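Undergrad: After the structure tokens below, expect a handful of questions from me.
The values are calculated or read from the model by the stated rules, or taken from the named source; none is laboratory data. Everything numeric in this text was worked out from a predicted model, so none of it was measured. Ideal geometry is used to build each Cβ from the backbone, glycine not excepted, and the neighbour counts take in all protein chains shown.
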């Protein structure tokens, strides 16, 4: 039994943008089990310096991540696409629980199978301490970014 996660490759600009927004909405849910369903059962990840494979490890990773990264809010933006691959740039903000705010900036390279599931994710991420007053992402936690909220380019990020 296959799992389908449209849109499917090969991507057009429109379908790549839809795929990026679906990923952003999933991650903004901060629900590790839900997010893991967008990946193949044996998906390969590199996140910063951590390497993992498979949905159970993705769930464990995301659980740890969101236990530490509180008040998490993310924006992803399409950078490039071709065939079964998409490149995105992103930024997210969080507090570490001790009251310190951080904005993380990064790039991801994604590869998809024919069913629209991500089989590989390579993420490079840098953290920048910010003050609460420098925050730019203010929609409700565990919710999608509102449709009228500015994109990264619009925010100068």
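Undergrad: Taking the criterion of being under 17 Å from residue 120 (Cα atoms) and either buried (at least 17 other Cβ atoms within 10 Å of the Cβ) or without any contact (Cβ under 8 Å) to a residue 60 or more places away in the chain (or both), would at least one residue in segment 66-75 satisfy it?
TA: no
Undergrad: Next question. If I ask for residues that are free of Cβ contacts under 8 Å to residues at least 12 places away in the same chain and over 27 Å from residue 149 (Cα atoms), which ones from segment 13-51 would you list?
TA: Within segment 13-51, 49, 50, 51 qualify.
Undergrad: Could you check, for segment 12-32, whether at least one of its residues is surrounded by 14 or more Cβ atoms within 10 Å (Cβ to Cβ) and in a strand (DSSP E or B)?
TA: For segment 12-32, residues surrounded by 14 or more Cβ atoms within 10 Å (Cβ to Cβ) and in a strand (DSSP E or B): absent.
Undergrad: Restricted to segment 88-118, and to residues that are part of a loop (DSSP other than H, G, I, E, B) and at pLDDT 95 or above, which residue is farthest from residue 22 (Cα to Cα)?
TA: Going through the qualifying residues, I end up with 100.
Undergrad: Find the residue count for segment 33-49, including only residues that are in a loop (DSSP other than H, G, I, E, B) and touching a helix residue (DSSP H, G or I) at 6+ places or on another chain (Cβ under 9 Å).
TA: The qualifying residues number 2.
Undergrad: Identify all residues within segment 65-87 that are over 15 Å from the mean Cα position of the chain (by Cα) and outside any strand (DSSP E or B); write none if there are none.
TA: 67, 68, 83, 84
Undergrad: What number of residues within segment 76-85 are free of Cβ contacts under 8 Å to residues at least 40 places away in the same chain and under 15 Å from residue 26 (Cα atoms)?
TA: Adding up the residues that qualify gives 0.
Undergrad: Among the residues of segment 117-137, is there at least one that is over 17 Å from residue 26 (Cβ atoms), touching a strand residue (DSSP E or B) at 6+ places or on another chain (Cβ under 8 Å) and without any contact (Cβ under 8 Å) to a residue 24 or more places away in the chain?
TA: Yes, the conditions are met somewhere in segment 117-137.
Undergrad: While we're looking at this one, here's another question. Go through (1) surrounded by 14 or more Cβ atoms within 10 Å (Cβ to Cβ); (2) over 13 Å from the mean Cα position of the chain (by Cα); (3) part of a strand (DSSP E or B) for residue 126 and report which single condition fails.
TA: (1)
Undergrad: Is it fair to say residue 151 is outside any loop (DSSP other than H, G, I, E, B), out of contact with any helix residue (DSSP H, G or I) (no Cβ under 6 Å at 6 or more places or on another chain) and at pLDDT 95 or above? Explain how you work it out, then say what you get.
TA: Working: outside any loop (DSSP other than H, G, I, E, B): no; out of contact with any helix residue (DSSP H, G or I) (no Cβ under 6 Å at 6 or more places or on another chain): yes; at pLDDT 95 or above: yes.
Answer is no for this residue.
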